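To start, the structure itself, in structure tokens.
The values are calculated or read from the model by the stated rules, or taken from the named source; none is laboratory data. Treat the numbers as computed from the prediction; the structure is a model and nothing was measured. All Cβ positions, even for glycine, are placed from backbone atoms using ideal geometry, and neighbour counts span all protein chains on display.
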């Protein structure tokens, strides 16, 4: 578990777990995309940049990062759907550069959208029957395995229902059941709880833990939800801008914050027209208040996120070396600026605090 | 459940995968049965137009097609029916890939062994069977109502072999055209190879009129397409009752065409997939 140091490869190496099922070094992927409105101009975009990692057998590795951090691209390279431009290593013992087909045929992938691969003309059971045949599961084993999986994903009582008539969470469990049909030992879950309600997401997390413990399935999952990564993963790598900025257990990552703490303030009446990270503007009304907070003693970073401009509803994240002192100065400053403070949090750091400490941005960005 | 057996691979698994996709299409047909009847009706109307048009000019046109045996009506009806099936084979690979791409399923199919090929071949097989059934119904309808003057000693077996080679040739061209999906900006547009073949054969291959009536400088173009050999051989076999020797050159040409087109088509499609995966991926717009 180490912080990023751009020119030092060793800092991006994970501790080496035994029986490395994934062992890759320096994976890099550059996408070339056409500029909007241009016929020939091509822009290069480094989606994954010099990523090295090892995953041990039976481990759950979390890849945490905001949208656009390179999580999906990394997964696609590891499961053989994209060939890295640079780097080396193996997945299940197969070379990631030259044996993509061999890797593909031995891993399972659940894409972020549950509906992908689910056919609405087939019932829940028929969907599994279809994929069982596609996976080449022998007829004599097919029924038993589908029955087992329907129980495992808690869809037995919905087996004759059309997918369009079950919840998004159930469809996600169906997608995971489909991916488990082949009984591959390595499962990639790309944002498995995205778009699910809290209860649906909780059930997916329980299910992920169960298949990892009971079936010894090695899992690499991506998420931008800090609590999900904390709850599920034995180790976490934090991606930002295609690079690993930190890795380790949740506890190890939290220690990165050290004496620094994050004060999280929810308030209304905050100045709207926040300058975004992509297009900072000194003229934005929020720029004044952010500048004022930055000038407070002990303050290290400030991020203001106003999500309802009409009433100035939003959140202020302040990284400080002295929570008590900063809070004592910050609250009057906000009141003077016309803000109504609705909640303050400054407890133990969580992974979002870690991400904010490392990048100066929240995970939601 | 701790077996970690993995997915099956090999030719048997591919065949089971193809069968699964055929079953999937069949289930979709059961879900929307009206579309089957509307497709049959559409084909009957389309063929009806050609039937009445050819009947209208039959008195004038019969002499130009006398060398094939039968009437101009039989000449056109057979040509259109065969062409529709071959057209399905030509278009199927690209349209299947295009459908999976926009439904975001390409990577889902690509991730398991033989998945992509099981999908492309399964959909092709289903669409081919569907087109064959529809065109057979339409031909039977016209033959029953108006008569098509099939030769009583027609070599049906050889005609079927010719038909099969024709379909395989068109499918090979279809695979070749489908490979353009991953390196040209045709994701939502028209596939250029299939489009060129489809329109060029209408003009040059003797679909609606004998090749001999088109200008001499265009005629060499007709030799580039399997349709020319297939239309001639099948009409001679079915309408004139020609012997094997008469159509041998056409049938052998078709066999070579099918083998070469399928080999090149598979190679190019595999290559374009690998190229896409080395670039932005199969699910990315160019």
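Residues in the stretch B:184-239 that are within 27 Å of residue B:73 (Cβ to Cβ), in contact (Cβ under 8 Å) with a residue 12 or more places away in the chain and not in a helix (DSSP H, G or I): B:205, B:206, B:207, B:208, B:209, B:210, B:218, B:225.
Being farther than 15 Å from residue B:171 by Cα and under 20 Å from the mean Cα position of the chain (by Cα) is a property that residue B:127 lacks. Among the residues of the stretch A:37-74, the one identified as over 26 Å from residue B:185 (Cα atoms), crowded, with 17+ Cβ neighbours inside 10 Å and within 14 Å of chain B (Cβ to nearest Cβ) is A:58.
Are any of the residues in the stretch B:28-51 under 22 Å from the mean Cα position of the chain (by Cα), more than 22 Å from residue B:154 (Cβ to Cβ) and at the interface with another protein chain (Cβ under 10 Å from one of its Cβ atoms)? Yes, there is a match, as at least one residue in the stretch B:28-51 is under 22 Å from the mean Cα position of the chain (by Cα), more than 22 Å from residue B:154 (Cβ to Cβ) and at the interface with another protein chain (Cβ under 10 Å from one of its Cβ atoms).
Residues in the stretch B:246-274 that are surrounded by 14 or more Cβ atoms within 10 Å (Cβ to Cβ), within 30 Å of residue A:43 (Cβ to Cβ) and either more than 14 Å from chain A (Cβ to nearest Cβ) or in contact (Cβ under 8 Å) with a residue 60 or more places away in the chain (or both): B:268, B:269, B:272, B:273. Looking only at residues in the stretch A:331-350 that are under 32 Å from the mean Cα position of the chain (by Cα) and at pLDDT 80 or above, the one that is surrounded by the most Cβ atoms within 10 Å (Cβ to Cβ) is A:341.
On inspection, residue B:21 passes the criterion of being within 8 Å of chain A (Cβ to nearest Cβ), closer than 23 Å to residue B:170 by Cβ, touching a helix residue (DSSP H, G or I) at 6+ places or on another chain (Cβ under 9 Å) and part of a helix (DSSP H, G or I).
Does residue A:80 satisfy the condition of being crowded, with 19+ Cβ neighbours inside 10 Å, on the phi > 0 side of the Ramachandran plot, touching a helix residue (DSSP H, G or I) at 6+ places or on another chain (Cβ under 9 Å) and modelled with pLDDT under 95?
Working: crowded, with 19+ Cβ neighbours inside 10 Å: yes; on the phi > 0 side of the Ramachandran plot: yes; touching a helix residue (DSSP H, G or I) at 6+ places or on another chain (Cβ under 9 Å): yes; modelled with pLDDT under 95: yes.
So residue A:80 passes the test.
Looking only at residues in the stretch A:88-109 that are over 22 Å from residue B:182 (Cα atoms) and more than 22 Å from the chain's Cα centre (by Cα), which one is nearest to the other protein chains (Cβ to nearest Cβ)? In this case the residue turns out to be A:106. Taking the criterion of being at pLDDT below 85 and in contact with a strand residue (DSSP E or B) (Cβ under 7 Å, 6 or more places away or on another chain), the residues of the stretch A:12-31 that qualify are A:12, A:13, A:14, A:16, A:17, A:18, A:19, A:20.
Only one residue in B:112, B:181 is in contact with a helix residue (DSSP H, G or I) (Cβ under 9 Å, 6 or more places away or on another chain), closer than 21 Å to residue B:284 by Cα and within 13 Å of chain A (Cβ to nearest Cβ), so which one is that? Can you show your working first?
Numbers: B:181 fails: within 13 Å of chain A (Cβ to nearest Cβ).
Going through B:112, B:181 in turn, just one is in contact with a helix residue (DSSP H, G or I) (Cβ under 9 Å, 6 or more places away or on another chain), closer than 21 Å to residue B:284 by Cα and within 13 Å of chain A (Cβ to nearest Cβ): B:112.
Residues in the stretch A:125-171 that are assigned to a helix (DSSP H, G or I), closer than 16 Å to residue A:110 by Cβ and away from every other protein chain (no Cβ under 14 Å): 3 in all.
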